[in-house]
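K.L.:
Got a structure for you, questions after.
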Amino acid sequence: MIERLMPSIAISSSGMKAESTRLEVAAQNLANAETTRDIDGGIYQRRLVIFKAIGEDSEGLGKGIPGGVEVEAIVRDNKPPLRKYMPGHPDAGPDGYVDMPNISPLLELVDVMTATRAYEANLAAVKQARKIASNTIDLLRS
């Protein structure tokens with residue numbers, strides 16, 4: 001219902017949801033930057049969020065509502081692992097090297113910051129749209 005009355009709120013809300021997912025994924029990448037094995041026993045690989053625009057013909061926001069974004073997929077980065085010399089590590093090979101995730105904490109922190117800023121921008125847009133709606137209702141009442 002709100003999508004039909006105020007599509008700007010629906011569009012910004014979809015952006016907030018997508019950026020929230022990007023923030024979660026970046027946090028997972030940071031948390032696993034030194035993890036030598038993932039849940040499957042392999043080397044943890046950096047995850048990337050792929051966004052998809054929601055158009056007028058999409059079912060995402062309801063028929064006829066233009067704009068918005070959604071998470072299309074969360075994929076694994078195919079970069080090869082980093083090899084660190086750690087002879088005493090339980091996962092070290094016979095040569096003393098351990099395969100580590102190819103995750104740059106700096107890149108992940110930049111991702112966290114940009115996702116946070118984008119979320120805040122969408123939140124500000126929602127607040128402004130609510131204010132405009134409230135002012136419009138006040139004008140109609142008087």
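K.L.:
Which residue pairs have Cβ atoms under 8 Å apart, sit 6 or more places apart or on different chains, and have a first residue in region 12-33 that is in contact (Cβ under 8 Å) with a residue 24 or more places away in the chain and small (G, A, S) and a second that is surrounded by fewer than 18 Cβ atoms within 10 Å (Cβ to Cβ) and part of a loop (DSSP other than H, G, I, E, B)?
P.N.:
Cβ pairs passing all conditions: S14/G60.
K.L.:
Consider only pairs whose beta carbons are under 7 Å apart and that are at least six residues apart or on different chains; among these, list those whose first residue lies in region 75-88 and is within 28 Å of K52 (Cβ to Cβ) and whose second residue is surrounded by fewer than 12 Cβ atoms within 10 Å (Cβ to Cβ).
P.N.:
V75/I50
K.L.:
Also, quick follow-up: Is at least one residue of region 125-134 surrounded by 12 or more Cβ atoms within 10 Å (Cβ to Cβ), in a helix (DSSP H, G or I) and modelled with pLDDT of 95 or more?
P.N.:
No - not one qualifying residue is present in region 125-134.
K.L.:
How about region 16-61: which of its residues are farther than 25 Å from L106 by Cβ, surrounded by 14 or more Cβ atoms within 10 Å (Cβ to Cβ) and either modelled with pLDDT under 95 or small (G, A, S) (or both)?
P.N.:
The answer is K52, I54, S58, G60, L61.
K.L.:
Among the residues of region 86-122, how many are assigned to a helix (DSSP H, G or I), among the charged types (D, E, K, R) and surrounded by 12 or more Cβ atoms within 10 Å (Cβ to Cβ)? Steps first, answer last, please.
P.N.:
The first filter runs over region 86-122 and keeps only residues assigned to a helix (DSSP H, G or I), leaving 105-122.
From what is left, the residues that are among the charged types (D, E, K, R) are 108, 111, 117, 120.
From what is left, the residues that are surrounded by 12 or more Cβ atoms within 10 Å (Cβ to Cβ) are 108, 111, 120.
Residues meeting the conditions: 3.
K.L.:
Would you confirm whether or not region 74-83 contains a residue that is assigned to a strand (DSSP E or B), in contact with a Gly (Cβ under 7 Å, 6 or more places away or on another chain) and surrounded by fewer than 13 Cβ atoms within 10 Å (Cβ to Cβ)?
P.N.:
Filtering region 74-83 down to residues assigned to a strand (DSSP E or B) leaves 74-76, 82-83.
Add one more test, that the residue is in contact with a Gly (Cβ under 7 Å, 6 or more places away or on another chain), and what stays is none.
So far as region 74-83 goes, no, none of its residues is assigned to a strand (DSSP E or B), in contact with a Gly (Cβ under 7 Å, 6 or more places away or on another chain) and surrounded by fewer than 13 Cβ atoms within 10 Å (Cβ to Cβ).
The values are calculated or read from the model by the stated rules, or taken from the named source; none is laboratory data. Here the structure is a predicted model, which is why all the values come from computation and not from measurement. Cβ atoms come from the backbone with ideal geometry, glycine included; neighbour counts cover every protein chain shown.
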